[in-house]
Amino acid sequence: MLDNNILIIILLFLFNICIIGYIKFANQYRIVSIPKNRDSHIEIKPKGAGIIFFFILLVIIINNLSNFEINNFFFITLCSIPVITIFSFFDDIYDLSWKYKITIDLSTSILIIYLFYDNLKNLDYFESNIYVLIPILILSISWFINLINFTDGSDGYLISFTILNIAANLLIKLYFENNINYFNLCLLFISLNFLYYNYYKSSIFLGDCGSRLIAVILIINIIYDFIYYDLYIFLIWILSLLMIILDTGITLLQRIFINKKVLQEHKDHSYQILTNKLSHKSSLIWMILNYLFFVMPGIFLYINNVFNFIYVFIILSLLFIYQIIYIKLKFK
């Protein structure tokens with residue numbers, strides 16, 4: 001097994017070579033994102049860079065896969081990401097039917113639950129409510145995959161969101177003196193590297209294969225932390241993801257009760273509105289400032305027992321709801 005520190009240096013070097021080569025390949029073979037009504041970009045750009053993420057992360061997983069126990073983080077990730085990533089790469093190329101996408105999302109959700117099942121059923125409340133909770137978990141995972149997938153059409157937004165959440169998780173693990181997940185550390189370095197190519201104005205998008213890959217990795221982290229670490233870390237994931245969850249929830253309610261067009265493509269999310277009315281940079285700054293001045297301080301007030309989780313959750317929710325509604329009313 002190659003030393004992980006040496007491996008990540010080698011892989012970062014290879015990552016840059018592969019991305020540069022892939023940009024030329026994608027342009028040549030028209031693996032491109034043509035702007036749609038829901039997208040925030042207005043130019044044709046190559047997509048599908050998530051497939052490079054997949055192969056780089058695959059090397060890291062294999063290098064750290066010391067055993068094939070079903071509860072091993074690397075084994076769970078190895079089983080969960082190939083099908084949805086490879087399928088989504090073909091979707092980036094051929095724009096496959098939404099029926100196939102839903103089937104793959106649900107199948108991946110079921111697989112993740114299956115891999116975690118032995119651990120979940122040992123939880124007191126899970127076993128007694130298993131027939132209710134499993135369908136809810138499957139649908140929630142599928143919804144989350146699509147939620148993350150939707151954010152890839154804006155320069156730098158999804159990769160910045162990934163960096164902020166993974167960095168927050170690593171910092172919290174350090175604070176609690178828990179073992180650092182080396183996979184997440186590698187993902188953070190690769191994401192920071194990719195930001196160079198994806199930041200305003202981006203030269204390439206992750207594509208569905210990248211966004212769905214990231215969504216599955218986040219889901220595995222959330223469930224794994226819930227099972228194997230203190231409840232604090234699971235609740236911190238909720239606070240960390242709260243901003244994008246509320247934006248999606250409020251936008252969905254808007255589509256149901258005001259626009260009356262739930263399934264039609266749209267640009268009603270707050271970050272889309274900021275992008276369209278101001279600039280891509282403004283949506284990124286909005287997200288980053290919220291993390292720096294509200295999310296992270298709220299998390300650290302919570303873990304230091306200054307305020308309990310419910311209080312922090314309510315305060316952050318009110319702050320984000322106010323901002324989201326203000327943006328929708330002010331700029332729409």
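Here, each number is a calculation from the coordinates, and none is a lab measurement. What you see is a predicted model, and the numbers here were worked out from it, not measured in a lab. Note that we place each Cβ from the backbone using ideal geometry, even for glycine, and neighbour counts take in every protein chain shown.
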*Can you list the residues, at least 5 places off or on another chain, whose amide H is less than 5 Å from the amide H of SER33, using H built in the peptide plane?*
LYS45, LYS47
*Return the subset of LYS24/LYS281; LYS101/LYS330; LYS101/LYS201; LYS45/LYS173 for which the Cα-Cα distance in this structure is over 32 Å, preserving the input order.*
LYS101/LYS330; LYS45/LYS173
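What ranking do ILE110, ILE327 get, fewest neighbouring Cβ atoms within 10 angstrom at the top? It would help to have the intermediate numbers written out before the result.
Details: ILE110 15, ILE327 21.
Ordered by Cβ neighbours within 10 Å, fewest first: ILE110, ILE327.
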*Contact order relative to length of the stretch 4-229, as percent, for alpha carbon pairs under 8 angstrom and 6 or more apart*: 31 percent
*Using only Cα atoms, locate the centre of the stretch 306-332 and the centre of the stretch 168-201, then give the distance between them in Å, rounded to an integer.*
26 Å
*asked:* Along the charge dipole of the stretch 4-229, pointing to its positive end and built from +1/-1 on Cβ of Lys, Arg, Asp and Glu, which listed residue (TYR114, VAL59, ILE136) has its Cα farthest out?
replied: VAL59
*Using the Cα centre as the reference, give the magnitude of the dipole from point charges on the C-beta atoms of the stretch 73-232 (Lys, Arg: +1; Asp, Glu: -1; all else neutral), rounded to the nearest 20 debye.*
160 debye
_Calculated from backbone phi, Karplus (6.51, -1.76, 1.60) coupling profile of the stretch 286-303 in Hz, x at Gly/Pro_ = 4, 5, 5, 5, 5, 5, 6, 9, 10, 5, 5, x, x, 4, 6, 5, 5, 6
*Let me know the shape class of the stretch 4-229, please: from the alpha-carbon gyration tensor, a ≥ b ≥ c as square roots of the eigenvalues, rounded when a/c is under 1.5, otherwise prolate if a/b is greater than b/c, or oblate.*
oblate
_With a cut-off of 8 Å between alpha carbons and a minimum separation of six or more residues, what is the relative contact order of the stretch 240-323 in percent?_
33 percent
*Among ILE148, ILE17, ILE84, determine the one that fluctuates most according to a GNM of the chain built with springs between C-alpha atoms less than 10 Å apart.*
ILE17
*Can you give the relative contact order of the stretch 183-332 as a percent, counting alpha carbon pairs under 8 Å and 6+ residues apart?*
23 percent
*Highest GNM mean-square fluctuation, the chain, Cα pairs closer than 10 Å: which of LEU78, LEU187, LEU164?*
LEU78
*If you place +1 on the Cβ of every Lys and Arg and -1 on the Cβ of every Asp and Glu, how big does the dipole about the Cα centre of the chain come out, in debye to the nearest 20?*
1360 debye
*When the chain is treated as a GNM, springs tying every alpha-carbon pair under 10 Å, which of PHE144, PHE25, PHE205 comes out with the largest mean-square fluctuation?*
PHE25
